[in-house]
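Here is the structure we will look at, set down as structure tokens.
The values are calculated or read from the model by the stated rules, or taken from the named source; none is laboratory data. Just so we're clear, the structure is a prediction, and the values are computed from it rather than from any experiment. Using ideal geometry, Cβ is built from the backbone for each residue, glycine included, and neighbour counts are taken over all protein chains shown. For accessibility, only protein heavy atoms count, side chains too; no ligands or nucleic acids. Shrake-Rupley method; radii C 1.70, N 1.55, O 1.52, S 1.80 Å.
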Amino acid sequence: MSQSSTLSSISWSDRRGGVEKIADCMKEMLARGESSDVQFAIGRSYGAAQVFPAHKLIMSARSNVFHQMFYGALPEKCTAPIDIPDILPDAFANMLSC
């Protein structure tokens, strides 16, 4: 069994005493905005922007663009939400949950 398939099947005891897969725990943390260290303002071109909390580490693991933005030679200090006006909020939410 490969290391990645082993890691994806690891279950952890959550704080409520149940057992969940780490991916399920991460999704719950994302839904609550727990430990988020960046925010995105999404969809301003389609009306009012919707703000999404996220985690730099996860976003950078999923995208070279975000990796360079957060950890590259000139990392950005993100104190305000990062504005991405031309993505539909539902599409961004789907990307976060995959």
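Among the residues in region 36-50, are any among the aromatic types (Phe, Trp, Tyr) and modelled with pLDDT of 85 or more? Step through it out loud before you land on a result.
Of all residues in region 36-50, those among the aromatic types (Phe, Trp, Tyr) come to 40, 46.
Pick out the ones that are also modelled with pLDDT of 85 or more and you get 40, 46.
Yes, there is a match, as at least one residue in region 36-50 is among the aromatic types (Phe, Trp, Tyr) and modelled with pLDDT of 85 or more.
I'd like the full set of residues that are without any contact (Cβ under 8 Å) to a residue 24 or more places away in the chain and either closer than 15 Å to residue 98 by Cβ or of a type in the set (D, E, K, R) (or both), limited to region 38-61. Break it down stepwise before answering.
Let us first name the residues in region 38-61 that are without any contact (Cβ under 8 Å) to a residue 24 or more places away in the chain, namely 47-48, 53, 56-57, 59-61.
Within region 38-61, 56, 59, 61 meet the criteria.
How many residues does region 80-98 contain that are under 15 Å from residue 27 (Cα atoms) and assigned to a helix (DSSP H, G or I)? Even if it seems obvious, please write down each step before you answer.
First, the residues of region 80-98 that are under 15 Å from residue 27 (Cα atoms): 92-98.
Subsequent filtering for residues that are assigned to a helix (DSSP H, G or I) retains 92-97.
Result for region 80-98: 6.
Tally time: how many residues in region 30-74 are at positive phi and surrounded by fewer than 16 Cβ atoms within 10 Å (Cβ to Cβ)?
Of the residues in region 30-74, the ones at positive phi are 33, 35, 43, 47.
Checking the rest, the ones that are also surrounded by fewer than 16 Cβ atoms within 10 Å (Cβ to Cβ) come to 33, 35, 47.
So the answer is 3.
Quick one: which of 77, 27 is assigned to a helix (DSSP H, G or I) and open to solvent by 90 Å² or more (accessible area, probe 1.4 Å)?
Details: 77 fails: assigned to a helix (DSSP H, G or I).
From the options 77, 27, the qualifying one is 27.
Considering region 36-64 alone, what residues qualify as being in a loop (DSSP other than H, G, I, E, B), under 13 Å from the mean Cα position of the chain (by Cα) and closer than 16 Å to residue 80 by Cβ?
The first filter runs over region 36-64 and keeps only residues in a loop (DSSP other than H, G, I, E, B), leaving 36-37, 43, 47-49, 55, 63.
Checking the rest, the ones that are also under 13 Å from the mean Cα position of the chain (by Cα) come to 36-37, 55, 63.
36, 37 - these are the residues of region 36-64 that are in a loop (DSSP other than H, G, I, E, B), under 13 Å from the mean Cα position of the chain (by Cα) and closer than 16 Å to residue 80 by Cβ.
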